[in-house]
Amino acid sequence: MVVVLDFGSQYTLLIARRLRELGVWCEILPGTTPWEKIKARKPQAVILSGGPASVRDPNAPQPDPGLFSSGIPILGICYGMQLLARSFGGQVSRSVQREYGKAVLIRHEGPLFQGLEGEIQVWMSHSDVVTEPPRGWQVVAATDTCPIAAISSPDGCLHGLQFHPEVVHTPQGKSILENFLYLAGVRRDWTPRHALESLISEVRARAQGGRVLLGVSGGVDSTTLALLLARAGVDHLAVFVDHGLLRLGEREEVEGALRPLGVNLHVVETKQRFLSALRGVVDPEEKRRIIGREFIRVFEEVARKLGPFKYLAQGTLYPDVIESAGGHGAANIKSHHNVGGLPKELGFELLEPFRYLFKDEVRRLARLLGLPEGLRLRHPFPGPGLAVRILGEVTEERLEILRRADAVFIQALKERGLYEEVWQAFCVLLPVRSVGVAGDERVYGHVVALRAVTSVDGMTADWAPLPHGFLDEVARRITRQVPEVGRVVYDITSKPPATIEWE
Ligand code: XMP
């Protein structure tokens, strides 16, 4: 395994992710972890992350000096490279100007760049630079503005990169990391199955002596977590709230998938409660508040009736962790609501085994745990459900229209092999009626908007250019199969300026 020492870079988890992609397990420890504690992990190499501090600041976080005299192979990235340079007698100074963005290596050599030819695009983000390498060290890469962009020690054991190989804007960064792992003699035999085994031991160890309560939404994160708890043999109760704002057949699909795999599933049927609470409400934020509040009440009731529970398990993913940490002072665009977002006052201890993982990694675990493909590859669905896809008042009749139209759209995407091409797709029911003609009759029908976007993480998104012929077919099928709908439109707005959901 490899230890990644974290000095506060926003990319530390990406380093871990790249290592996992390269078949290496790693553990992230705070940058100042004592050497004895690092050594106890028996790492084959150590990576020093970047970070916002300056090594010239006497209070800047430093690794334990024992690390540098241990002889273990080390790769320092950005701040990590500057730490290495300074610790071995080199010079670090403030750069003339802060460098941020794409740069090109005009020169590179040595085993770290083995197999890479020509100019290499890299991502820089720093305000300090190494101005003199330690004595005997080689400068192995340079850009136009940064003459010391990579360094290697005389014995070839220690390396520093001024740029970030872990981000996608350094397209060949993974090969550079791969070269480092090769030079360090790191074994690359980590697989998703190993990841699953260690997650199972982790939850087993954590959840000893207490029952676990888990909210299941039907999305891939919470359903995979339910399967993980079941596979680990942990005493759990997975609660699925049928609030009546679900898609067609959603509840049956979740029940059918989880029960046979040993999940102790408890379905709370509470349609009327949510519909009554939403009666007459048209304001989007108000809808979200009401649904969040009712959810918590339902959970409190379950905990009181079927408890006690010591732990609350949540399918929080790494991007959720970054977003919430980075959210200070950010404008509240939407009050996102999750089944996971239960208040701390409920007195549970949190269990979040996926907090270091990305969605595609959870999908891989889901496959190993036997989650059916329909659920595993399902598009994200917002916590407040169809309530935020019905503009205006939410009524049973309007829910029914939306559910049927949405099912037609999704089915058509799947038939054409387009479902997995887009990040998310759904129908929205608009609060207007429109005139049409059916046979020789005037009709005054509902209007449905189709929304389909491509995205990496939902933070930004582009509207998906679905083929016109396909859109035509979907409009025909919806108006035929859901006669209450008289008009279908396609949303061609990206995020920003729009958001993915309409409310
Ligand atoms: P927006 O509409 O903000 O959505 O562009 C970004 C992604 O988040 C989903 N979404 C939610 N997910 N609770 C959730 O768990 C919510 O309250 C919520 N609101 C939006 C949305 O479906 C999209 O994938």
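Values in this text are rule-based calculations from the coordinates and carry no lab data. Model, not experiment: these values are computed from the prediction. Heads up, the Cβs are rebuilt from the backbone with ideal geometry, glycines too, and the neighbour counts pull from every protein chain shown.
Over region 435-503, what number does the Rg to Rh ratio reach, with both radii from the alpha-carbon atoms and Rh per Kirkwood? All intermediate terms of the calculation are to be shown ahead of the outcome.
Details: Rg = 14.4 Å, Rh = 13.5 Å.
On the Cα set of region 435-503, Rg over Rh gives 1.07.
Using the number of other C-beta atoms within 10 angstrom as an exposure proxy, rank MET124, MET459, MET81, MET1 with the fewest first. Intermediate values should be presented prior to the final figure.
Details: MET124 22, MET459 11, MET81 31, MET1 15.
The order, fewest Cβ neighbours first, is MET459, MET1, MET124, MET81.
What would the Debye equation give as log₁₀ I(q)/I(0) for region 2-184 at q = 0.11, 0.17, 0.19 Å⁻¹, counting only Cα atoms as equal point scatterers?
Debye curve over Cα of region 2-184, log10 I(q)/I(0) at q = 0.11, 0.17, 0.19 Å⁻¹: -0.40, -1.04, -1.36.
Counting only other residues whose beta carbon sits under 14 Å from that of GLN138, what net charge do I get with K and R as +1, D and E as -1? List each step's numbers first, then the result.
On the way: positive: ARG107, ARG135; negative: GLU109, GLU132, ASP155.
For residues surrounding GLN138, the net value is -1.
Among SER127, SER175, what is the fewest-to-most ranking by other Cβ atoms within 10 Å?
Working: SER127 12, SER175 18.
Lowest count first: SER127, SER175.
How large is the dipole of the chain about the Cα centre if only Lys and Arg carry +1 and Asp and Glu carry -1, each at its Cβ, rounded to the nearest 20 debye?
Numbers: 59 positive and 59 negative charges, 154 e Å.
Value, rounded to 20: 740 debye.
Would you mind checking which residues have amide H under 5 Å from ILE28's amide H? H placed 1.01 Å from N; only 5 or more apart, or other chain.
Under 5 Å from the amide H of ILE28: VAL4.
What percent does the relative contact order of the chain come to when contacts are Cα pairs within less than 8 Å and at least six residues apart? Walk me through the intermediate numbers first.
Working: 936 pairs, mean separation 49.8, N = 503.
RCO, the chain: 10 percent.
With angles folded into 0 to 90 degrees, how steeply does helix 468-481 sit against the dominant principal axis of the chain? Use alpha carbons for both and round to 10.
Between the helix axis and the principal axis of the chain, the angle is about 40 degrees.
Could you give P(r) for region 389-490, binned at 10 Å from zero, as whole percent values over all Cα-Cα pairs?
The distribution over region 389-490 is 15, 46, 31, 7, 1, given as percents.
Send over the semi-axes of region 34-105's equivalent ellipsoid, whole angstrom and largest first, taken as the square roots of 5 times the C-alpha gyration tensor eigenvalues.
Numbers: eigenvalues 121, 42, 23 Å².
Sorted largest first and rounded, they come to 25, 14, 11 Å.
Applying a 10 Å radius around every beta-carbon, put 412-423, 238-249 in order of their mean neighbour count, most first.
Working: 412-423: 15.3, 238-249: 21.4.
With the highest mean Cβ count within 10 Å placed first, the list reads 238-249, 412-423.
Within 14 Å, Cβ to Cβ, of ARG364, how many net charges do the neighbouring residues add up to if Lys/Arg are +1 and Asp/Glu are -1? Display every interim value, and only then the final one.
Numbers: positive: ARG17, ARG20, ARG193, LYS359, ARG363, ARG367, ARG376; negative: GLU21, GLU197, ASP221, ASP360, GLU361, GLU373.
Value of the local net charge: +1.
Provide the net charge surrounding LEU429, with neighbours chosen by a C-beta distance below 14 Å and charges set as Lys +1, Arg +1, Asp -1, Glu -1.
Numbers: positive: ARG247, LYS287, ARG389, ARG398, ARG403, ARG404, ARG433, ARG451, ARG487; negative: GLU393, GLU396, GLU397, GLU400, ASP406, GLU484, ASP491, GLU501, GLU503.
Taking every Cβ under 14 Å from that of LEU429, the sum is 0.
Rank-order 257-270, 353-366 by packing density, defined as the average count of other C-beta atoms within 10 Å over each peptide's residues, highest first.
Numbers: 257-270: 16.9, 353-366: 19.6.
Ranked from most to least packed, the peptides come out as 353-366, 257-270.
Using amide H atoms built 1.01 Å from N in the peptide plane, name the residues 5+ places from ILE106, or on other chains, whose amide H lies under 5 Å from its own.
Counting only residues 5 or more places away or on other chains, the set is ALA142, THR143, ASP144.
Check which residues have an amide H placed less than 5 Å from PHE163's amide H, if you skip close sequence neighbours.
HN-HN under 5 Å from PHE163: CYS78.
Given contacts defined as C-alpha pairs under 8 Å and at least six residues apart, what's the relative contact order of region 2-184, whole-number percent?
Over region 2-184, the number comes to 21 percent.
Just to confirm the number: angle between the C-alpha axis of helix 359-369 and the first principal axis of the chain, 0 to 90 degrees, nearest 10?
70
In Å and on Cα atoms, what radius of gyration and Dmax does the chain show?
Cα only, the chain: 26.5, 90 Å (Rg, Dmax).
Which order, highest average first, do 222-228, 149-155 follow once you tally other Cβ atoms within 10 Å for each residue and take the mean per peptide? Walk me through the numbers on the way to the answer.
Details: 222-228: 27.3, 149-155: 20.1.
In descending order of packing, they fall as 222-228, 149-155.
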